[in-house]
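The values are calculated or read from the model by the stated rules, or taken from the named source; none is laboratory data. Nothing here was measured: the structure is a model prediction, and the numbers come from that model. Glycine also receives a Cβ, built like all others from the backbone with ideal geometry; neighbour counts cover every protein chain displayed. The accessibility values were calculated without ligands, DNA or RNA, using every heavy atom of the protein model including side chains. Shrake-Rupley method; radii C 1.70, N 1.55, O 1.52, S 1.80 Å.
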Amino acid sequence: MAVYTLAFVAYAVDVARRSAATAVPEEARELVSAGAPGAPARPAASAPAPAARPGRGARIGFALIVIAWALHLGGAVMRGLAAGRVPWANMYEFALTGVAVIVGVFVLSRLWRDLNFLGVFISGLATVFLGLATVNFYVTPTPLPPALQSYWLVIHVFVATLATGFFALGSGLSVLQLIKERRSSGFLRALPSTVQLEDLAYRVGVIGFIFWTFTLIAGAIWAEHAWGRYWGWDTKEVWTFVIWVVYAGYIHARATRGWRGSRSAWLQLVGFAAIIFNYSVVNLFFKGLHAYSGL
């Protein structure tokens, strides 16, 4: 958490520096709008935006987040060794592993696309989620209950964490899209366009949806092995399906109904909010066969 916090500070300093560097003075905007003496007037929007180049703060932030991720993975592995099983059998462990997957998706996404502009979001999210999980959900390693003593624990829950990692990345892109739609000054001018952010969020969301679909199917198969039925309208099962429906609606609406812009971004954020609700409120306040996933 300390190293994630340092990464957050480094990214925040880089954002502040780039905001100052890309700000256009009011006098310059007026000259561009009104036209300099002897030059034809042209709109302020035609002023070129500076090129997006990661600064020293972003490079330091990425190096720190990689170090934090390595320490994080080490902590998750040691938790698994202490428990003698995979480290995602309760809320604390799922948060520990889930946040590691979210950060891992961000770090490894550099092999596909430089998403360093999401550094503030990812490092801040990792710090807050780990802090909340440690303070509120920490439990000592305990043996697995009979229902969890299955290889499906490895498959089903790990794929769910992968899906959550991609959904978190997509939600960060959607947040930036909504912010940039309302304001394009400062460092936001150096980011990809709102259309590019929306396309990236959509692609990431589709990958997460594929993993979540497998999670839903694998959960039904595991339920049949553990409880003798594929579906029983347990609260956790229902909310897993609700999340699937929201993201299916998001993908369908954007692909076939032409939902673009802010409506698409808000629908993706509703889906991620449903995931947070499923992890927190459903686990803590609803009774069901998945009660062992809580404290």
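Quick notes on this structure:
- Between Ala273 and Val139, the C-beta separation translates, for a Förster distance of 30 Å, into a calculated FRET efficiency of about 0.70.
- Coupling constants for the range 245-252 follow from the phi torsions by the Karplus curve (6.51 cos²θ - 1.76 cosθ + 1.60, θ = phi - 60°), and in residue order they are 5, 4, 6, 5, x, 4, 5, 5 Hz; glycine and proline get x.
- A Förster radius of 45 Å, combined with the Cβ-Cβ distance separating Leu284 from Ser193, puts the computed FRET efficiency at roughly 0.65.
- Prolate/oblate/rounded call for the range 208-250, Cα gyration tensor, a/c under 1.5 rounded: oblate
- Label-to-label distance, Arg183 versus Tyr151, with points set 7 angstrom from Cα along the beta-carbon direction: 5.3 nm.
- For the range 108-121, 3J(HN,Hα) computed residue by residue from phi via the Karplus equation (6.51, -1.76, 1.60; θ = phi - 60°) reads 6, 5, 4, 5, 9, 7, 6, 10, 4, 5, 8, x, 4, 5 Hz, glycine and proline entered as x.
- Apportionment of accessible area to carbon and sulfur, the range 208-295, percent (1.4 Å): 71 percent
- Length released on extending from Val242 to Phe214, taking residue separation times 0.36 nm less the Cα-Cα span: 8.6 nm
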